[in-house]
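Worksheet: the structure to be examined is printed underneath.
The values are calculated or read from the model by the stated rules, or taken from the named source; none is laboratory data. If you're wondering where the values come from, they're calculated on a predicted model, not measured in any experiment. Virtual Cβ from ideal backbone geometry, glycine too; neighbours counted across all protein chains shown. Note: accessible area is taken over every heavy atom of the protein model, side chains too, but ligands, DNA and RNA are not part of it. Shrake-Rupley method; radii C 1.70, N 1.55, O 1.52, S 1.80 Å.
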Amino acid sequence: MICCRIVNRGQRHVWNHAQIVVILWNDKTGVRLIKPSKSVVARNFAIEKLEQTGRFVLFLGQVVRYTFKRPVRVRLYLEQMEKIGVDSVPIITLSSLAIGMIFALQMISFLQPFRAEIATGSAVALSMSREFAPVVTTLMLIAKNGSAMAAELGTMKVTEQLDAMETMSVEPIHYLVVPRVIASLVMFPMLTLLANVVGVLGAFLIATGAYELEAATYLAQMFRDLQPTDVYSGLIKAAVMGVIVSTICTYHGLHSLSGARGVGESSTHAVVASSVSILIADYLMATVMMAVMY
Amino acid sequence: MSAIIRLEQLSKSFDSLDVLRGISLDFESKEITSIIGQSGTGKSVLFKCMIGIMAPDEGRVFYKGKDLVEMSEEEKELVQRNFGYAFQDAALFDSMSVAENIAFPLREVLGIRNRREIRQRVREMLEWIELPDIGDKNPSELSGGMRKRVGVARALAIKPEILLFDEPTSGLDPVLGQTINDLVVRVNRELELTCILITHDIPAAFRISDKVAFLHQGEVIAQGPPREVIRSEHDMVRQFVENSFSSQEV
Ligand SMILES: Nc1ncnc2c1ncn2[C@@H]1O[C@H](COP(=O)(O)OP(=O)(O)OP(=O)(O)O)[C@@H](O)[C@H]1O
Ligand SMILES: [Mg+2]
């Protein structure tokens, strides 16, 4: 026999909604099993996710509102630009150089049988500027700065620093989140541009140095095939991803649960959520850009 | 005299834990009020509801007759400018130096831009808490008691109308504790600021306060001038009073 009833239980996580619990019992043994059915679990999960999404959208609204609210604290913007931008130059240079070189190696070995290896330059330049530079830069910055944003704000939250800020009429979103978002919006594209240049340079070094392709022809073909829109589109992507990463990571920081564990979890969630989001966003943007830009 | 802050039937619970259960209290302007009670009865929660960084489940908080709970964020922000809050764990900004911590409310609340003026007021505050040379240090380099005093200095910096001190003397040695108590009395007398403190230092609380409120299990079980509360018949109050005064005589 199966019967359903609605019970209200004030537990954490998925269970903080009125939920349907299916009570099963066996007439012979009298054993009673109380467990929520799978569909109920799924529904509560969906409600929870919807709620979270709603909160995040409200948060985004506030970020936009505070971006245009005075005072504009230029010093904080510059500080974050240094942290996200200037301090990331070495790691972005290194990773994009490596990618450019490896990519060139693979392309050349693939194109050689067709005697088309001179097209390596175009292939690297196009894919770097459209895809690899923004995505790799963003992933690097998530690891380097995104996790730090979540951990820093999370620590401030659990040590009541955010409360203290609020009592001094400073809204943490205004003081902490907005500078990070703006700095990301500016610096992600800048670093992507750097990654473009360095990646292409790395490929050039491999092609002309290790494989002795003719530099002039290589460059001529590359610049013939590479259009400004290829570069712009990558930069636009990077800017969008900068906003996605910084908002997701700061959001997780502001909402971290108490204790070292809470902070650790929030920065893990921030990294996972922002990585997945930027890959999805990249796919969507690529689809749109394919249709309208290239 | 009219109450500058009035709490009416304030309730707050976390999940199934009822922390505050209908607290009604008046805080008179320009007086020192001490809140006493066992650890975990919700004294810090009460402060957070009073200043509006935690929303009570039920009840009202009136600041000069205006209900803080009903206010919009903007209005609340304006009211909060009249408060100074020294947190129990100091809550210093660890990305800033001590001096920058104290300068923060001067810049953000009072809008002072003049660097010389800020430096001067920071120095004055550091002298008040008897730590004149730590301005350039980072909060992480300080001892717990030093951090706590910097928290007090940060709350005092703007000389707000109402000061909330959450256990300003716990964790300090008796001499320093006395210094902080003297400081509270001084700002109350000289600057005529309303001071509300949470404290476990019963003798000091009874000595310096105009009014004492005793919290137990989320309710006010005794309140009034020290000489009245000290004669309270309530078991808890008596235990508290007896223990703290007998230990003093040793
Ligand atoms: N943000 C919160 N989430 C959940 N529970 C909380 C929260 N803040 C406080 N509590 C709970 O509320 C109760 C009262 O806490 P509070 O910090 O107000 O105690 P207190 O009276 O200040 O004690 P102490 O004298 O030790 O500082 C505690 O049981 C605590 O676990
Ligand atoms: Mg407390």
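Quick look at the numbers
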{"item": "Added length on full extension, which subtracts the Cα-Cα distance from 0.36 nm per residue, residue A:225 to residue A:115", "result": "37.8 nm"}
{"item": "Highest-MSF residue in chain A out of A:203, A:150, A:119 [GNM, Cα springs under 10 Å]", "result": "A:119"}
{"item": "Exposed trypsin sites (Lys or Arg not before Pro) absent - longest run of chain A, DSSP non-H/G/I/E/B, at most 13 other C-beta within 10 Å", "result": "A:116-294"}
{"item": "Values of log10 I(q)/I(0), in the order q = 0.17 Å⁻¹, for the range A:70-292 under a Debye, Cα-only, solvent-free model", "result": "-1.09"}
{"item": "GNM flexibility winner over chain A from A:208, A:250, A:67 (Cα, springs under 10 Å)", "result": "A:208"}
{"item": "Loop GluC sites (Glu not before Pro), the range B:87-150, which have at most 14 other Cβ atoms in a 10 Å radius of their Cβ (DSSP)", "result": "B:130"}
{"item": "Over 26 Å (Cα to Cα) - which of B:76/B:159; B:43/B:148; B:12/B:211; B:30/B:66; A:69/B:148 fall in this group", "result": "A:69/B:148"}
{"item": "Over the range B:119-204, equivalent-ellipsoid semi-axes from the Cα gyration tensor in Å", "result": "19, 17, 11"}
{"item": "Radius of gyration, Dmax [the range B:7-62; alpha carbons; angstrom]", "result": "11.2, 37"}
{"item": "Within the protein assembly as shown: Cβ-based charge dipole about Cα centre, in debye rounded to nearest 20 (Lys, Arg +1; Asp, Glu -1)", "result": "1000 debye"}
{"item": "Dipole moment magnitude, nearest 20 debye, the range A:70-292 about Cα centre, only Lys, Arg, Asp, Glu C-beta charged", "result": "160 debye"}
{"item": "At least 27 Å along the helix axis (C-alpha) and Kyte average at least -1.0, DSSP helices within chain A", "result": "A:38-67, A:89-111, A:178-205, A:228-254, A:259-292"}
{"item": "Probe 1.4 Å, accessible area per residue of the range A:70-292, Å²", "result": "44 Å²"}
{"item": "Nitroxide proxy distance, nm - points 7 Å out along Cα→Cβ at residue A:265 and residue B:9", "result": "3.6 nm"}
{"item": "Rh by Kirkwood over Cα pairs, then Stokes-Einstein D for the protein assembly as shown at 1.567 mPa s and 4 °C, µm²/s", "result": "47 µm²/s"}
{"item": "Loop-located chymotrypsin sites (Phe, Trp or Tyr not before Pro) in the range A:180-221, at most 16 other Cβ atoms within 10 Å (DSSP)", "result": "A:211"}
{"item": "Within the range B:1-78, GluC sites (Glu not before Pro) in DSSP loop having at most 12 other beta-carbon neighbours inside 10 Å", "result": "B:70"}
{"item": "Chains B and A together, accessible area buried on both sides, 1.4 angstrom probe, square angstrom", "result": "1800 Å²"}
{"item": "Measure of compaction for the range B:18-150 (Cα Rg per 2.2 N^0.38 Å)", "result": "1.21"}
{"item": "Net dipole in debye of chain B [+1 Lys, Arg Cβ; -1 Asp, Glu Cβ; about Cα centre; nearest 20]", "result": "700 debye"}
{"item": "Per-peptide average of other Cβ atoms within 10 Å, ordering B:10-23, A:181-194 highest first", "result": "A:181-194, B:10-23"}
{"item": "DSSP bridge orientation in the protein assembly as shown - percent antiparallel, rounded to nearest 5", "result": "65 percent"}
{"item": "Partner chain coverage, peptide B:91-98 - average Cβ within 10 angstrom", "result": "4"}
{"item": "Heavy-atom accessible surface of the range B:94-250: percent carbon and sulfur, 1.4 Å", "result": "44 percent"}
{"item": "Charge-dipole axis of the range A:70-292 as Lys and Arg at +1 and Asp and Glu at -1 on Cβ define it, positive-most pick from A:218, A:267, A:93", "result": "A:267"}
{"item": "Chain B, Cα convex hull volume normalised per residue, Å³", "result": "136 Å³"}
